[in-house]
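The values are calculated or read from the model by the stated rules, or taken from the named source; none is laboratory data. Keep in mind that this is a model prediction, so the values were computed, not measured. Positions of Cβ are generated from backbone atoms using ideal geometry, with glycine treated the same way; all protein chains shown enter the neighbour counts. For accessibility, only protein heavy atoms count, side chains too; no ligands or nucleic acids. Shrake-Rupley method; radii C 1.70, N 1.55, O 1.52, S 1.80 Å.
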Amino acid sequence: MYLRRTVVLALTLCGAAFASAQGIYSPSQYQKFSDGPLSFVDYSGGYSHLENFEDGAFNAPGVIGSGGAVLSPGVQTDSVDEDDGILNGLGSAGHSYYVSGNKVEFTFDKSVLGWLPTHAGFAWTDVGFSDLALGFDQVIFEAFDGAGVSIGTSGWTLVGDGNTTGETAEDIFFGANHAAGIAKISLTSKFSTDWEVDHLQYGYQPVPEPASLAVLTLGALGLLRRRKKS
Ligand SMILES: [Ca+2]
Ligand SMILES: [Ca+2]
Ligand SMILES: [Ca+2]
Ligand SMILES: [Ca+2]
């Protein structure tokens, strides 16, 4: 019985590994890195990076950002809450990435990284002036694979709290995972050209070699056969 259970478990694990793990995460509340789904990813043998802009620069390896610029601490700045060292509902003492157009894009460079991220995302943190209403907007997130084909979208999502300062309770994580690699992630605003994001995060999770999975499967079948004989 124990052996049979082991075999079933092994085969289930094989199936899970073969299934293409891809998708767009549901937007979720985000005040610190550990709130986001990427904090639960096991990157063993791979790589991961968090860009929180707290050194005043956008210097994440292998990523090009467009549509924004690093914003220093100030009343209008809306960093992720934890970046100033205290979870106090405010991000104005941290740095964020200020977007002055309708779209922000982060493009991953495979020639620098050696791979495309299997996981990537960031936090939307604030909107200022907006044709919808001051401090409110709608946004849509999208991720693309290495061929430029859309992996999926999330939105339009209503964001904002009516405040243009550093309140953090409204902040939302957007992201995607795609085993074959993510080449670009973007967020588009419907109404505003005055908003912020923060905590760009991405990583590469190695997938098991098909050969080793085949060996595992054959081994499991062998166990079952031997068990039946005895
Ligand atoms: Ca804070
Ligand atoms: Ca920050
Ligand atoms: Ca706000
Ligand atoms: Ca905010």
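Points to keep in mind about this one:
- Boolean, Thr193 is at pLDDT 95 or above, under 17 Å from Gly68 (Cβ atoms), surrounded by 14 or more Cβ atoms within 10 Å (Cβ to Cβ) and touching a Lys or Arg at 6+ places or on another chain (Cβ under 7 Å): no
- Annotation note: of Val70, Val80, Val63, the sole residue that is among the aliphatic types (A, V, I, L, M), in contact with a helix residue (DSSP H, G or I) (Cβ under 9 Å, 6 or more places away or on another chain) and over 21 Å from Gly135 (Cβ atoms) is Val63.
- Meets criteria (hydrophobic (A, V, I, L, M, F, W, C), open to solvent by less than 50 Å² (accessible area, probe 1.4 Å) and either within 16 Å of ligand 2 (Cβ to nearest atom) or not in a strand (DSSP E or B) (or both)) for Ile182: yes
- Residue match in region 103-117 (condition: hydrophobic (A, V, I, L, M, F, W, C), within 16 Å of ligand 4 (Cβ to nearest atom) and either free of Cβ contacts under 8 Å to residues at least 24 places away in the same chain or within 21 Å of Ala183 (Cβ to Cβ) (or both)): yes
- Among the criteria (1) open to solvent by less than 40 Å² (accessible area, probe 1.4 Å); (2) in a loop (DSSP other than H, G, I, E, B); (3) within 16 Å of ligand 1 (Cβ to nearest atom), the one Val75 does not fulfil is (1).
- Asn88 vs. criteria touching a Gly at 6+ places or on another chain (Cβ under 9 Å), within 16 Å of ligand 4 (Cβ to nearest atom) and open to solvent by 60 Å² or more (accessible area, probe 1.4 Å): no
- Taking the criterion of being open to solvent by less than 50 Å² (accessible area, probe 1.4 Å) and away from ligand 2 (no atom under 16 Å from the Cβ), the residues of region 162-173 that qualify are Gly162, Thr164.
- Of the residues making up region 196-205, those that are aromatic (Phe, Trp, Tyr) and surrounded by fewer than 24 Cβ atoms within 10 Å (Cβ to Cβ) number 1.
- Of the candidates Val63, Val104, Val127, the single residue that is open to solvent by less than 40 Å² (accessible area, probe 1.4 Å), of a type outside the set (Gly, Ala, Ser), within 21 Å of Lys190 (Cβ to Cβ) and within 16 Å of ligand 2 (Cβ to nearest atom) is Val104.
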